[in-house]
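The structure appears below as structure tokens.
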Amino acid sequence: MAFRIAVLASGSGSNFQALIDRFKSHPQIKIALLIASKQPIGAIARATQNGIPVQVLPSAKESPGAYEMMLQKCLTEARIDLVVLAGFLSLIPAVITKNYPKRIINIHPALLPDFGGKGFYGLNVHKAVIAAKRKESGCTVHFVSEEYDKGDIIAQRKVPVLAKDTPEELAKRILAEEHQLLGEVVEQILLPSKP
Ligand code: GRF
């Protein structure tokens, strides 16, 4: 039987698409569910096009109790083995990180622990990296804890920051690496004996 992944997304879902492409015909790993924090978003369209079930959560800010309950219910009912945050902007409640120890991962578009935490999302991250005159940036996949971008780091990929980079150009170069790294880490966690 295949391991079942839930992908959580709040945006366009290009990382989700990379996972769809990678695991489409995989014998041991199946994307069983997309959980969206709102609608409409690009990730939902991608799920629909690929026959992946979708659940939309209540707002984490406006109804935290309902958000937590629904998230837990979705994961339990779909018998999820691994939760993958791919551009998901809400915090995962502590009760859920406790129920899924080392089973929730996130991808972040910088080399954590730098340029992470509240407010470091989207282009803000790349603007900050350029403003700090860093020569290198990249992406990080880490386990999720109850604080933004604080869980143990699993893997990183580096890219150079070029002198004339705009935040958009840097984001694009990093995103290409994210698309590779996230799927690799999913395999590494679920199929650890694979070389
Ligand atoms: C990515 O840069 C990811 O690192 C961050 O959010 C962005 C999501 O992009 N957490 P996409 O929706 O997968 O295109």
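Quick notes
- Counting only DSSP beta bridges whose two residues both lie in region 58-155, roughly 65 percent are antiparallel.
- Cβ charges +1 (Lys, Arg) and -1 (Asp, Glu), total dipole of region 52-140, debye: 280 debye
- The length gained by stretching the chain between A94 and A163 to full extension, at 0.36 nm per residue less their Cα-Cα distance, is 20.8 nm.
- Rounded to the nearest 20, the Cβ-based charge dipole of region 1-83 about its Cα centre (Lys and Arg +1, Asp and Glu -1) stands at 180 debye.
- Peptide ranges 99-105, 87-93, 7-13 listed from the most packed, as the mean C-beta count within 10 angstrom indicates: 7-13, 87-93, 99-105
- Comparing K127, K61, K150 in a Gaussian network model of the chain, where Cα atoms under 10 Å apart are tied by springs, the biggest mean-square fluctuation is seen for K61.
- With θ taken as phi - 60° and the Karplus curve 6.51 cos²θ - 1.76 cosθ + 1.60 applied, the whole-hertz 3J(HN,Hα) list for region 28-34 is 10, 10, 10, 7, 8, 6, 9 Hz, x standing for glycine and proline.
- Look at the dipole of region 1-133 built from charges on Cβ: of S63, I92, V125, the Cα furthest out on the positive end belongs to V125.
- Most mobile listed residue (G117, G183, G138) in the chain, GNM with C-alpha springs under 10 Å: G117
- Where only DSSP H runs of four or more residues are counted, the chain gives -11500 deg cm²/dmol as its mean residue ellipticity at 222 nm, each run worth -39500 (n - 2.57).
- The simple spin-label model puts a point 7 Å past each Cα toward its Cβ; for Q72 and E146 those points are separated by 1.3 nm.
- Rounded to the nearest whole Hz, the Karplus-based 3J(HN,Hα) values (6.51 cos²θ - 1.76 cosθ + 1.60, θ = phi - 60°) of region 107-124 follow the sequence 10, 10, x, 7, 8, 4, x, 7, 6, x, x, 4, x, 8, 9, x, 5, 3, with x at glycine and proline.
- Cross-link check: pairs K61/K118; K30/K172; K24/K98; K30/K98; K133/K164; K73/K98 evaluated at a Cα-Cα cut-off of 19 Å; pairs beyond the cut-off: K30/K172; K24/K98; K30/K98.
- Assigned charges on the beta-carbon of Lys, Arg, Asp, Glu; the chain dipole about Cα centre (debye): 160 debye
- In the context of the full set of protein chains, residues of the chain present 51 Å² of accessible surface per residue (probe radius 1.4 Å, heavy atoms only).
- Most simply put, the chain has about 40% antiparallel DSSP beta bridges, counting only bridges with both residues inside it.
- Separation of the R79 and N50 label points, Cα + 7 Å toward Cβ, nm: 2.1 nm
- nm² value of the averaged projected area, convex hull over the Cα atoms of region 74-195: 7.8 nm²
- Extension gain, E187 back to K118 (0.36 nm per residue minus Cα-Cα distance, nm): 22.0 nm
- Surface calculation, 1.4 Å probe, protein heavy atoms: L57 sits at approximately 10 Å² accessible.
The values are calculated or read from the model by the stated rules, or taken from the named source; none is laboratory data. This is a predicted model, so every value here is computed, not measured. In this analysis, Cβ positions are derived from the backbone assuming ideal geometry, glycine residues included, and neighbour counts consider all displayed protein chains. Protein only, heavy atoms only, side chains kept; ligands, DNA and RNA dropped before computing areas. Shrake-Rupley method; radii C 1.70, N 1.55, O 1.52, S 1.80 Å.
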